[in-house]
1. Considering only DSSP beta bridges with both partners in the chain, what is the antiparallel share in %, to the nearest 5?
2. I need the trypsin sites (Lys or Arg not before Pro) found in the stretch 92-165, filtered to DSSP loop residues with at most 12 other beta carbons within 10 Å of theirs.
3. Would you pull out the residues with amide H under 5 Å of Gln267's amide H, same chain only if 5 or more places away, H placed 1.01 Å from N?
4. Name the residue farthest towards the positive end of the dipole of the chain from the options Phe165, Ala234, Ala215, assuming +1 on Cβ of Lys and Arg, -1 on Cβ of Asp and Glu, about the Cα centre.
5. If amide hydrogens are placed 1.01 Å from N in the peptide plane, which non-local residues have theirs closer than 5 Å to the one on Leu206?
6. R0 = 56 Å: FRET efficiency of Ser289 with Asp354, Cβ-based, nearest 0.05?
7. Can you list the HN-Hα couplings for the stretch 107-112, worked out from phi with the Karplus curve (6.51, -1.76, 1.60; θ = phi - 60°), rounded to whole Hz and with x for Gly and Pro?
8. Send over the Kirkwood Rh of the stretch 5-100, from the inverse of the averaged 1/r over different Cα pairs, rounded to one decimal Å.
Amino acid sequence: MARIDQYFKFMKEQGASDLHLSTSNPPILRIHGEMVRVEAPPFSNDDLKALVYEIAPEHKIKQFEETGDVDFGYEYPGFARYRANFFNQKYGIAAVFRLIPSKILSADDLGLPPVIKKFAMLKKGLVLVTGPTGSGKSTTLAAMVDWANLHRKEHILTIEDPIEFVHKSQQSLINHREVGLHTKSFSSALKGALREDPDIILVGELRDLETVELALTAAQTGHLVFGTLHTPSAPKTIDRIIDVFPAGQQNQIRSGLSESLRGIVAQNLFKRIDKSGRCAALEILVVDSPIANLIREGKTHQITGMMQVGKKKGNQPLDDAIMELLRASKIAPEEAYEKAMDKKKFRVFLKNPDDWED
C-alpha cells in the first residue's frame with residue numbers, strides 16, 4: 001500500500017472529488033465544488049515529491065522532470081482510480097488527483113435525457129460532450145459508452161490521456177488506449193484506429209487541428225465518434241471546431257461538419273441548495289437537416305432559436321435546463337444567473353438584481 005493511499009481513503013470518507021497537494025500547503029479537498037483545507041502540517045517540497053513519486057511510473061517521472069508537468073492514471077486496487085497531474089509551481093512540486101468512480105453510472109442512474117441513449121446507438125457520425133473542466137463530461141461519456149457496450153455487438157476503442165473509466169467488455173469488445181503509454185498522441189492513435197476495425201471511437205479530448213480533422217474523417221467514413229471540448233454551449237462548440245482551421249479551409253470544414261455532426265451535449269454543474277451534492281444542467285443539440293443547413297451556411301447564431309422549436313426531437317437549450325433546476329429549488333438564483341446564457345430571464349429571481357450586470 002502506497003503512503004498516499006491514506007489520503008485517498010480520507011478523500012472518499014469526506015465525499016471529495018479532488019485532492020490537492022502543494023508544497024508549503026496542507027492537503028486540500030474539493031468537496032461539492034468548494035476547496036476545504038485539511039488540518040495537517042504543510043508539505044515540504046522533498047516530502048511531497050517522495051510521496052507522489054511513489055505511485056508514478058518511471059517514464060512519467062522522467063517526463064515530469066523534463067517538462068514540468070505530467071498526467072497519468074493511478075489505480076488504488078479494489079478501491080478507485082484517479083487521474084493524476086503533477087506540476088511545478090513557485091514553491092516546489094504540486095499534484096492534483098481527480099477521483100474516477102469505480103462504478104460506472106448508467107444514463108438512468110444519472111437521470112440523463114432519453115436522447116443520450118439514442119446518441120449511443122447511432123451507426124455513424126460525431127457526438128460531442130462539452131463544458132468547463134470538472135463539469136462531468138467524462139461521466140456522461142462513460143454512460144454513453146456503457147449503453148453501447150450493453151446494447152451493441154461492436155468494437156469500441158477509447159483513446160484517452162489518461163484512461164479514466166474502465167469498461168469491461170459486455171456485448172461489445174472494448175479496447176482502452178492511453179496516450180503516452182500505448183500510443184504517442186491522439187492523432188497517431190486516430191490514424192491507427194482506422195486500421196483497427198472499430199465501430200465506435202472515443203477521443204478523450206479534441207486538442208488540436210490534426211486531431212479534430214482525423215475525428216471528422218473517422219465520422220465521415222462510417223464510424224461513431226465521441227469526443228470532448230471545453231466549450232460552454234452547442235453553437236460555440238461548432239464555432240470552435242471551425243475556428244481551429246485556417247480561413248481557407250473553413251468553408252470545406254463547415255460543410256463536412258454539417259454532414260457528420262449528430263449531436264452536442266453541453267453541460268454545467270451546479271451546487272445544490274436542497275441537499276448536499278451537485279446537479280447538472282444539460283444543453284442538448286440534435287442535428288437534423290435544418291440545423292445542418294445553418295452549420296453549412298455559417299449561421300450558428302440561429303441554432304439556439306431552432307433548438308427552442310425542436311424540443312420534441314430532444315433539443316434542450318441550456319437556459320431551459322437551468323430554469324427547470326431553479327424552479328425546482330435545487331439551485332441558487334445567483335448561480336443560475338451567473339451560468340445562464342440569456343441572463344435577463346433570470347434577473348427576476350435575484351434578491352438584489354441591481355447588484356448584478358447582464
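FYI, it's all coordinate maths here, none of it is from the lab. Please read all numbers here as calculations on a predicted model, not as lab measurements. Positions of Cβ are backbone-derived with ideal geometry, glycine not excepted, and every protein chain shown enters the neighbour counts.
1. Working: 40 of 67 bridges.
Percent antiparallel among DSSP bridges in the chain is about 60.
2. Numbers: sites: Arg98, Lys103, Lys117, Lys118, Lys123, Lys124, Lys137, Arg152, Lys153; in loops: Lys103, Lys123, Lys124, Arg152, Lys153.
When the trypsin sites (Lys or Arg not before Pro) of the stretch 92-165 are filtered for loop state and at most 12 Cβ neighbours within 10 Å, Lys103, Lys123, Lys153 remain.
3. Close amide H contacts, sequence-distant or interchain: Thr130, Gly131, Glu283.
4. Ala234
5. For Leu206, whose amide H was placed from the backbone, the distant partners under 5 Å are Thr228.
6. Values: r = 45 Å, r/R0 = 0.80.
Computed FRET efficiency for Ser289 and Asp354 comes out at 0.80.
7. Ordered by residue, 3J(HN,Hα) equals 4, 5, 4, 7, x, 6 Hz.
8. Working: mean 1/r = 0.0740 Å⁻¹.
Kirkwood radius, the stretch 5-100: 13.5 Å.
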